[in-house]
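Take a look at the structure below.
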Amino acid sequence: MITTTTAAFLVLLILPVVLLLHLTESPQQRQTRQAKRLSRHYGLSQRQISQRLGISQSTVSRRIAHA
């Protein structure tokens with residue numbers, strides 16, 4: 001069983017790593033991650049993803065293909 005203290009410690013240990021990864025991620029990497037998530041987890045079409053992210057369908061296709 002995980003205690004509240006242990007959970008808080010884990011959050012404090014993991015949070016800086018997640019923050020660092022987010023801050024060092026390029027806009028292209030962020031778009032790729034978002035496009036993959038929208039496609040795989042939410043089942044959106046490339047057209048829907050392009051509209052949601054404000055990028056072309058060909059860019060969405062490239063982002064998903066390179067992932």
request  = For the chain, return all DSSP H helices satisfying: extent of Cα atoms along own axis at least 20 Å; mean Kyte-Doolittle hydropathy at least -0.5.
outcome  = 4-23
Ranked by how many other beta carbons lie within 10 Å on average, peptides 40-46, 21-27 from highest = 40-46, 21-27
inquiry  = In the chain, if the dipole is taken from +1 on Lys/Arg beta carbons and -1 on Asp/Glu beta carbons about the Cα centre, which of Leu15, Met1, Gln31 is farthest to the positive end?
reply    = Gln31
note = Between Leu23 and Ser45, the FRET efficiency computed from the C-beta separation at R0 = 30 Å comes out, to the nearest 0.05, as 0.45
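I'd like the carbon and sulfur percentage of the solvent accessible area for the chain, probe radius 1.4 Å, heavy atoms only, ligands and nucleic acids excluded. Working shown, then result.
Details: 3240 of 5330 Å².
Percent of accessible area from carbon and sulfur atoms in the chain: 61.
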query = What is the extension gain from Val11 to Lys36, computed as 0.36 nm multiplied by their sequence separation minus the C-alpha to C-alpha distance, in nm to one decimal?
reply = 6.4 nm
query = Which label marks the calculated value of mean projected area of the Cα convex hull in nm², given the options [x] 4.8; [y] 6.1; [z] 7.9?
reply = [y]
message = To the nearest 20 Debye, how big is the dipole of the chain about its Cα centre, given +1 on the beta carbon of each Lys and Arg and -1 on that of each Asp and Glu?
response = 360
task = With a 1.4 Å probe and every protein chain left in place, work out the accessible area per residue of the chain in Å², rounded to a whole number.
result = 80
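Can you compute the helix-only [θ] at 222 nm over the chain? Use -39500 (n - 2.57) per DSSP H run of at least 4 residues, normalise by all residues, nearest 500 deg cm²/dmol.
Here the helix-only value at 222 nm equals -24000 deg cm²/dmol.
The values are calculated or read from the model by the stated rules, or taken from the named source; none is laboratory data. All values reported here derive from a predicted model rather than from experimental measurement. So basically every Cβ, Gly included, is an ideal-geometry build from the backbone, and we count neighbours across all protein chains shown. Please note that ligands, DNA and RNA were not included when accessible areas were found on the heavy atoms of the full protein model with its side chains. Shrake-Rupley method; radii C 1.70, N 1.55, O 1.52, S 1.80 Å.
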